[in-house]
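Please treat every number below as a calculation from the coordinates, not as lab data. The shown structure was predicted, so the numbers you read here are calculated from the model rather than taken from an experiment. Glycine gets a Cβ as well: all are built from the backbone with ideal geometry, and neighbour counts include every protein chain shown.
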Amino acid sequence: MTQQAEKKAEVRITLPDGSVREVPRGTTVRGVAESIGPGLARAALAGRVDGEMVDLKTPITADARVEIVTDRDDDALPLLRHSAAHVMATAVRALRPEAHIGFGPAIDTGFYYDFEVDRPFSTDELERIEEEMGRVVESDDPFERREVTREEARELFRDDPLKLERLEEFTEGETISVYRNGPFLDLCRGPHLPTTGRLKHFRLLHTAGAYWRGDESRQMLQRIYGTAFFSEKELAKHLERLEEARKRDHRVVGPRLGLFTIDEKVGQGLILWKPKGAVIRQELQEFISGHLTRQGYSQVFTPHIGKLDLYRTSGHYPYYADSQFPPLIESDQMERLADEGTSCSELANRMQEGEVQGYMLKPMNCPHHIRIFDSDAHSYRDLPVRLAEFGTVYRWEQSGELGGMTRVRGFTQDDAHIFCTEEQVADEINGCLELVKIILGTLGMEDYRVRVGLRDPDSTKYVGEPEQWDRAEAACRDAADRLGVPYSAEPGEAAFYGPKIDFVVRDVIGREWQLGTVQVDYTLPERFDLSYTGADNKPHRPVMIHRAPFGSMERFIGVLIEHFGGEFPLWLSPVQIVVLPISDEQAEAAREMAVELKEAGLRVEVDDRNETLNYRIRDAEKARIPYMAVLGGREVEAGTAAVRTRGAGRKQQILARDDFSARLLEKDRTRSVELALGE
RNA sequence: GCUCACGUAGCUCAGCCGGUAGAGCACUUCCUUGGUAAGGAAGAGGUCACGGGUUCGAGUCCCGUCGUGAGCUCCA
């Protein structure tokens, strides 16, 4: 043996602190941890070798950067949860040996596992599975990894058709690994905890159906969701958060505050705005409108329906027919068709062929706006033309997709269409993003992100010239850059007609919702043969930008309700002040004060009900009214009010009435989100 | 759309193994005239989502309809 060969028996590992050690080739990650210290060895859950997560048992066979993953590591939680999914599957198999296993990954909030079973899991059964999981944890079986050939794997999973299906998708030469813990074997990439005993704090949450591979044409599996943490405290905190979230849920808060209702007699997914909700919507629209005017938009109004032919031209019909309300057919045509004995499927065909005329509830506002644009001749000097409308549109969402205000069948977009020249696109996109920034900023909403949808370089489905696309995509990226919020460029996510920018916010339950969007469109101007006269006195094709920065008033206000937890700033509060006379003696003065405030332009109510002050204060707090003006004998005498601010408890401020109204008006005007009135 | 769960007074919920509905809050009336998150008393209010079925008898069991909720690949 030469010296060189001997050296090769050692590998150099670099630790995160930069120190380098030499260890025998084949030392496991656990061995490395042990060599550093017994405390670390005990805490070690997995390792990272050259950045890749591996099991503790993984031997190190070459020089590498090695890190020991403990529960303090960001990657440790998904590891724990993935193992928790296996533990759960182990328990389910113990109770239901016939269950076929699907997939069981860690997700952001925990983990799930899909099973193919002959009867769904009941809620009681979840408890039993949880108990059984306790036994699996107690047995403290090691998770053991093994790499197998495809043939071996086929044999191992011969009773698990779903796994066999996945198996067929491995490409030649791809590593196939399996993990065993006690009696349970799974096809799995890993890595895992060293043993099942490392899982301590977990909870199964709920069950749900889930299509195999998310494909609704495949069979439905039964999914069990759970979550796991490294400490009881974190688990408790998480469950508490879920509970808190439920309390902020706009579907609970909105109806309780009298903002909106959904009535099954009217229809699913159709929002009825009650007076208090209507105030919020009005205020918001007014606010947005002010900025639209400043940015050179012209507001228009268009009807809720349009001819089928219009949507044939735009391409909405029949292409999107599935997500639209069925067309309205003129009654004389209806009669004729009935006389001819036309069947439903024939009717559908003939409508698609354009032989039957009718109207459609508009699924989008653009065709109407395009017709407005096209009703005048345009010179390049007119451009950009920016047509804005709070336009109500109707879409046939699947019933299972509906929910609260965030997914509905009729909604009002803060829509606008910009018709501009190719050169103007970048500036216009910037303008759109500027608007979003101002408005979300005013509302104190910082927790949103931006997706920039770019074209898939390998696809040919896109319309428009590649150079146009390059410029438009660059404009979108630049605008997103300038916005200063997190954004992701997503190739392949562009619409076929142009790149787009989407705004995404999270609701209290952690679900992400797309709010608004800015989309560049090269195809509709083409389809509608739009043109403007250029400086060369020749016709040119304008570019269109669709933009609805808040998506819809329904969804946006739903998100707002959760953002504020129902505690709206003064300017959005349906009732801004309630005047509370202490006794009947001050009732007259209270009504006078209310008139003063109302004339000043504030929304005010008097609560002179025959109830104690305590009772009425409690009511006002629960109604989330920002200010309570208490009038007793002393205040009436002095021309003052004892002002109690929502959420501030017993702290009160004695203010001269005109001072009070002046301060509120200032807050209202500036759309302050702070309620505190200052000294 | 599909899977599961749920649907009882305006709201939140109780109602066991089938024996013809209950509480708290809200509401109405009366007493009370109050000082910063529920003063007291009385009263009214329900074809138990809707439609069928089983049964001597259904809020309760079965089927269907409507509605609501959770979820429907953050790849083994």
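Some observations on this one:
- Mean projected area in nm² (Cα convex hull; one quarter of hull surface) for the range A:188-268: 9.3 nm²
- Where Rh is the Kirkwood radius over Cα pairs, Rg/Rh for the range A:570-670: 0.92
- Net charge contributed by nearby residues that have their C-beta within less than 14 Å of A:Thr670 (K/R +1, D/E -1): 0
- Using alpha carbons only: equivalent-ellipsoid semi-axes of the range A:221-267, gyration tensor based, whole Å: 32, 17, 4
- Cα shape, the range A:22-80, gyration tensor, a/c 1.5 rule: oblate
- Out-of-range pairs (alpha-carbon distance over 29 Å; input A:Lys163/A:Lys500; A:Lys247/A:Lys274; A:Lys276/A:Lys437; A:Lys598/A:Lys622): A:Lys163/A:Lys500
- Relative counts (whole %) of C-alpha pair distances in chain A, using bins that are 10 Å wide: 3, 11, 16, 18, 19, 17, 11, 4, 1, 0, 0
- The GluC sites (Glu not before Pro) found in the range A:574-616 that occupy coil by DSSP, while having at most 14 further C-beta atoms within 10 Å, are A:Glu611.
- On the beta carbon distance between A:Lys461 and A:Gln299, with R0 = 30 Å, the FRET formula returns roughly 0.30.
- The range A:314-363 versus the range A:25-52: alpha-carbon centroid distance in Å: 68 Å
- Mean shadow area of the range A:454-611, taken as a quarter of the surface of its Cα convex hull (nm²): 16.3 nm²
- Counting neighbouring beta carbons within 10 Å and listing from fewest to most, the residues A:Cys344, A:Cys366 come out as A:Cys344, A:Cys366.
- Dipole-positive endmost among A:Ser323, A:Gly110, A:Gly290 within chain A (Cβ charges, Cα centre): A:Gly110
- Value of [θ]222 nm, deg cm²/dmol, for chain A, DSSP H segments ≥ 4, -39500 (n - 2.57) each, nearest 500: -11000 deg cm²/dmol
- Extension gain (nm, one decimal) between A:Asp124 and A:Leu167, 0.36 nm per residue minus Cα-Cα: 12.1 nm
- Helix A:232-248 and the long axis of chain A differ in direction by around 20°, with both axes built from C-alpha atoms.
- The value of relative contact order for chain A, using C-alpha pairs under 8 Å at least six residues apart, is 9 percent.
- Cleavage-rule hits (GluC sites (Glu not before Pro)) in the range A:229-315: DSSP loop, at most 16 neighbouring Cβ within 10 angstrom: A:Glu264
- GluC sites (Glu not before Pro) restricted to the range A:91-131 and DSSP loop, no more than 12 other C-beta within 10 Å: A:Glu98
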